Amino acid sequence: MEKLRDAINRARAQRGPDAAPPAATAARPAAPEAARPAAPPLRPADDTDTAWAELAAFDPRPAVLRRNRIPGHPDDPGFPVIDLLRTKVIQQVRNNRWKRMIVTSPTPGCGKTTLTCSLALSFARQRDFRVIVCEVDLRRPAMAATLGYRPTAPRQGFSDVLDRRTTFADEAVRIGTSVAIAVNQSPIRNPSAVILGNQVSDVIAEIEATYRPDLIMFDTPPLMASDDTIGFLRNVDCALIVAAAELTTIQQIDNAERELAAQVSVVGTVLNKCRFAESGYGYGEAY
Ligand SMILES: Nc1ncnc2c1ncn2[C@@H]1O[C@H](COP(=O)(O)OP(=O)(O)OP(=O)(O)O)[C@@H](O)[C@H]1O
Ligand SMILES: [Mg+2]
């Protein structure tokens, strides 16, 4: 017995204090429950989780996404670039404690809606970063068509949420577990009156209080097309600018940056529709 104890002590001394226990020791019968460190308790679902879970689920169809240039699969062009942009946005908003971001452009057709939807899908892959995406383009709404979202039950539109004719809970749909979108099905006649309404900031604050997203992202009209976006700026912290190669001039980008920077932080400018993207980014002819 004495020899056996000596042998065990020698072996322990050789292994050192941090060595893993030998297989024989690990295979010993389990210690009683009380002796084990307590497992961390599962986080109980709170009101926020319930609010998210209660949103109707929407699963965009891959064929629609591909047709509309939304990278939804790792093999799709632009997939790594969009994920890179998503991660940079997450870093910036976290570092600066920004909570609300618009996506805008100097002129029409630069790809704001395509980029917003691409980011939404990319955020949905992230899961631990909750994002709400709202369409504030009430003149040429395109998010529903871009994502192939056709509600089965009649829905009104995010413009009606802003105007308090319906609730966000009734209007929004959830992509995965961490992204909610609220879109418009058709243009409305008085967009400025809705967007510039005094109730808008309260509506957004209520959405934020209920769903506690890490970020609310707004797809907005082009800056040069109307006063909608400039008027909406008082509701956000920051702006992401989308410019289109061979379409947007440097002067237009400069003007947009200056105009936005007078009221909010500018996250950056994305050069879209670039036919000669660097091969290192693996994106061929896209963003
Ligand atoms: N990277 C891209 N390469 C080629 N075409 C693109 C790219 N991104 C978007 N498009 C196309 O450009 C058109 C306009 O895109 P989108 O609707 O996203 O622009 P927008 O800036 O939201 O327009 P609007 O100013 O009308 O809101 C669409 O047909 C879209 O498929
Ligand atoms: Mg658009």
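Readers should treat all values here as calculations from the given coordinates under stated rules, not as data from a laboratory. Owing to the predicted nature of the structure, the values given are computational and were not obtained by experimental measurement. Cβ sites come from the backbone with ideal geometry, for glycine too, and all protein chains shown count toward neighbours.
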- Message: Show me, for the stretch 224-235, the HN-Hα J-couplings you get by feeding each phi into the Karplus relation (A = 6.51, B = -1.76, C = 1.60, θ = phi - 60°), rounded to Hz, glycine and proline as x.
- Response: 7, 8, 6, 9, 4, 5, 4, x, 7, 4, 5, 9
- Message: If amide hydrogens are placed 1.01 Å from N in the peptide plane, which non-local residues have theirs closer than 5 Å to the one on residue 133?
- Response: 180, 181, 182, 217
- Query: What number, in percent, do you get for the relative contact order of the stretch 52-281 if the mean sequence gap of Cα pairs under 8 Å and at least 6 apart is divided by its residue count?
  - Reply: 29 percent
- Task: For residue 244, enumerate residues with amide H under 5 Å from its amide H, sequence gap 5+ or separate chain, H modeled in the peptide plane.
- Result: 272
- Item | Backbone HN-Hα couplings from phi across the stretch 175-183 [Karplus 6.51/-1.76/1.60, Hz, Gly and Pro as x] | 9, x, 10, 10, 10, 10, 10, 9, 10
- Message: From the C-alpha coordinates alone, can you work out the Kirkwood hydrodynamic radius of the stretch 52-281, in Å?
- Response: 17.6 Å
- Message: For a protection proxy built on the mean count of beta-carbon atoms within 10 angstrom, sort 171-180, 70-79 highest first, please.
- Response: 171-180, 70-79
